[in-house]
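S.K.: Please see the structure below; I have some questions.
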Amino acid sequence: MTQVLSIASECAPLVKTGGLADVVGALPSALAGQGVAMRVLLPGYPAVMAAMGKAKPVLEEPDLFGGPARVLAGAAHGLDLLVLDAPHLFDRAGSIYLGPDGKDWPDNPERFAALSWIAARIGAGGVDGWAPAVLHCHDWQAALVPEYLHAMGASGRIGTVLTIHNIAFHGLADPARLKSLRLNPHRYTREGFEFWGRISALKAGLLGADRLTTVSPTYAAELMTDAFGMGLDGVMRLRQGALSGILNGIDAQAWNPATDPAITPYKTARGKAANKAALRAEMGLPEAEGPLCVVVSRLTEQKGLDLLLRALPALLDRGGQLALLGSGDAALETAFRSAAGNANVAVRIGYDEALSHRMIAGGDAILVPSRFEPCGLTQLYGLRYGTIPVVALTGGLADTVINASHAAMSARVATGIQFSPVTVEALSAALIRLCALYANPADWAMLQRNAMRQEVGWGASAAAYAALYQDLLASK
Ligand code: ADP
Ligand code: GLC
């Protein structure tokens, strides 16, 4: 078995703000069948500490960025965990990233530098009796690992992989913090981890990791462009040879319409009717002629939902309906609350796992009009539940949906609708196409059947990660 330590700031079902958690939580069991034993290193947030059963200290650090810390080995929800117990950094109520003022915790750079430091120590042999062969880092919160390994003189011995789930988040810090972050000032250069006058944790990882991956092949290509690289496209082009795109899967147990405890289970799309009626009742929506569209999303610029607000007439004028579950930007929350003034629009502001299942089971279509989307998971849930995805042609949305073009309909392979460019006009046109397809029962049933048959699990991607680790270790 190849021993791998996965390092991340979130992991479902313990602590989650988005898809990163789903992926980090799903990888260990997906990889178990591939000859990979994966442990997960997480910050000791209150929710994580509480979920761990019996835990054993395996590493101590008397002063980790301002206080004593230790690593505890334990298990929860079938995950083999190492948890960084550092109360001065992680024992805080509320959001894992934001303080009570809604802004990033001021010491976020140090909090996640500490996570990366400890991962590097484990990689450098810090835990008796267990030595990972690969450190698999996720996003900026774990991106300083290669830098610290280098500083510890251990980078030759161990493989490092950095997965980019979203290049919009860089982990920037003021250079005055170089010392407090235990970073080598000589590497604070344009060729190093300096980014427009700040320290960039992500850039350090992009330059230092042996291999880079991202969560879809299309996003891998987009990352090298000015339009999607968020200022790091030059670095991505530089590291092109080390970069690959491996599509996310979904947790096929948690998201299985035949066994889902949150819904009235079903094996074929006919079983959606009971769930749709229940969802309409729950959301206070009347009967209607057109499709019931759902959205389950963070409300941020990335997700393009401001465009949906403006494209809504295209749907509502044709008898369609919208039910949205989301939270995030205050302005978007307010705008959706006021859109719910229309009897055919229902909005729930908040985060609700069980309701997300009821919405995906009860909806006819799921809308994902993102401006960029590294992979996206809700369109995959939609496919599995026979809830037709209507998505922007970008990132993982481009890779996971087969557009209902004339050719794909004739070949009977279409699974959803894609639109491009990401504008109000193109989204409106997609909603009009949706209503037309929905009005044709034979076409609609075919889409649902195709969608439910599409492979959205981890099989192929788990094999791709396992092959990547092997290839990396063979090159060491
Ligand atoms: P991102 O990670 O960019 O937010 P993804 O589509 O990859 O986008 O993952 C989002 C995850 O978070 C999915 O599992 C989705 O169901 C979940 N999610 C998002 N918003 C909510 C919400 N308001 N309530 C429940 N689950 C949500
Ligand atoms: C990020 C991306 C999303 C992706 C998720 C998991 O949050 O925004 O597209 O599915 O990570 O990789």
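The values are calculated or read from the model by the stated rules, or taken from the named source; none is laboratory data. Nothing here was measured: the structure is a model prediction, and the numbers come from that model. Cβ: placed from backbone, ideal geometry, glycine included. Neighbour counts: every protein chain shown. For accessibility, only protein heavy atoms count, side chains too; no ligands or nucleic acids. Shrake-Rupley method; radii C 1.70, N 1.55, O 1.52, S 1.80 Å.
S.K.: Using 1/(1 + (r/R0)^6) with R0 = 56 angstrom and r between the beta carbons of L473 and D101, what's the FRET efficiency to the nearest 0.05?
M.R.: The computed FRET efficiency comes out at 0.80.
S.K.: Within a Cβ distance under 11 Å of V456, other residues only, what is the Lys/Arg minus Asp/Glu net charge? All intermediate terms of the calculation are to be shown ahead of the outcome.
M.R.: On the way: positive: R384, R453; negative: D251, E455.
Residues near V456 contribute 0 overall.
S.K.: Would you mind counting up the charge near H406? Only other residues with Cβ under 13 Å from its Cβ, with Lys and Arg at +1 and Asp and Glu at -1.
M.R.: Taking every Cβ under 13 Å from that of H406, the sum is +1.
S.K.: Using a 1.4 Å probe on the protein heavy atoms, what percent of the accessible area of the stretch 269-453 belongs to carbon and sulfur?
M.R.: Percent of accessible area from carbon and sulfur atoms in the stretch 269-453: 55.
S.K.: Same structure again: So if we plug the beta-carbon distance of Q3 and E289 into 1/(1 + (r/R0)^6) with R0 = 60 Å, what FRET efficiency do we get, rounded to 0.05?
M.R.: 0.60
S.K.: A further question on this structure: In nm, give the distance between the simple-model label positions of A258 and A274, each being 7 Å from the Cα along the Cα-to-Cβ direction.
M.R.: Spacing of the two 7 Å Cα→Cβ label points: 1.6 nm.
S.K.: Round to the nearest 0.05 the FRET efficiency obtained for A154 and L238 when R0 = 30 Å and r is the Cβ-Cβ distance.
M.R.: 0.80
S.K.: In addition: Considering the convex hull of the alpha carbon atoms of the chain, report its projected area averaged over all viewing directions, in nm², one decimal.
M.R.: It is 21.8 nm².
S.K.: Using square roots of five times the C-alpha gyration tensor eigenvalues, list the equivalent-ellipsoid semi-axes of the stretch 98-174 in whole Å, biggest first.
M.R.: 25, 13, 11
S.K.: Enter the accessible area per residue of the chain (Å², integer; probe 1.4 Å; all protein chains in place).
M.R.: That works out to 39 Å² per residue.
S.K.: Which residues does the label zone of A335 cover in the stretch 296-319, counting backbone N under 19 Å from a point 7 Å along Cα→Cβ?
M.R.: Within reach of a label on A335, which here means backbone N under 19 Å from a point 7 Å along Cα→Cβ, the stretch 296-319 contributes 296-317.
S.K.: Still on this structure, I have one more. Please say if the stretch 269-453 is rounded, prolate or oblate, where rounded means a/c under 1.5 for a ≥ b ≥ c the square roots of the C-alpha gyration tensor eigenvalues, and otherwise the choice is prolate for a/b larger than b/c and oblate otherwise?
M.R.: rounded
S.K.: Can you send over the carbon and sulfur percentage of the accessible area for the stretch 26-116, probe radius 1.4 Å, protein chains only? Numbers along the way, then the final one.
M.R.: On the way: 2170 of 3790 Å².
After summing per-atom areas, the C and S share lands at 57 percent.
S.K.: Can you check how the C-alpha radius of gyration of the stretch 1-106 compares to 2.2 N^0.38 Å, as a plain ratio?
M.R.: Working: Rg = 14.1 Å, N = 106, 2.2 N^0.38 = 12.9 Å.
The reported ratio for this selection is 1.09.
S.K.: In addition: Give me the net charge of K476's neighbourhood, meaning all other residues with Cβ under 15 Å from the Cβ of K476; Lys, Arg count +1, Asp, Glu -1. Please list the in-between numbers first.
M.R.: Details: positive: R157, R211; negative: D210, D471.
Summing Lys/Arg as +1 and Asp/Glu as -1 gives 0.
S.K.: Can you compute the modelled spin-label distance between A47 and T189, with each label point 7 Å from Cα toward Cβ, in nm?
M.R.: Each label point lies 7 Å from its Cα, and together they span 4.2 nm.
S.K.: Provide the solvent-accessible area of V456, counting protein heavy atoms only and rolling a 1.4 Å probe, rounded to the nearest 10 Å².
M.R.: We get 10 Å² for V456.
S.K.: Under 11 Å from a label point 7 Å along Cα→Cβ of A32: give me every residue in the stretch 71-89 with its amide N that close.
M.R.: 77-80
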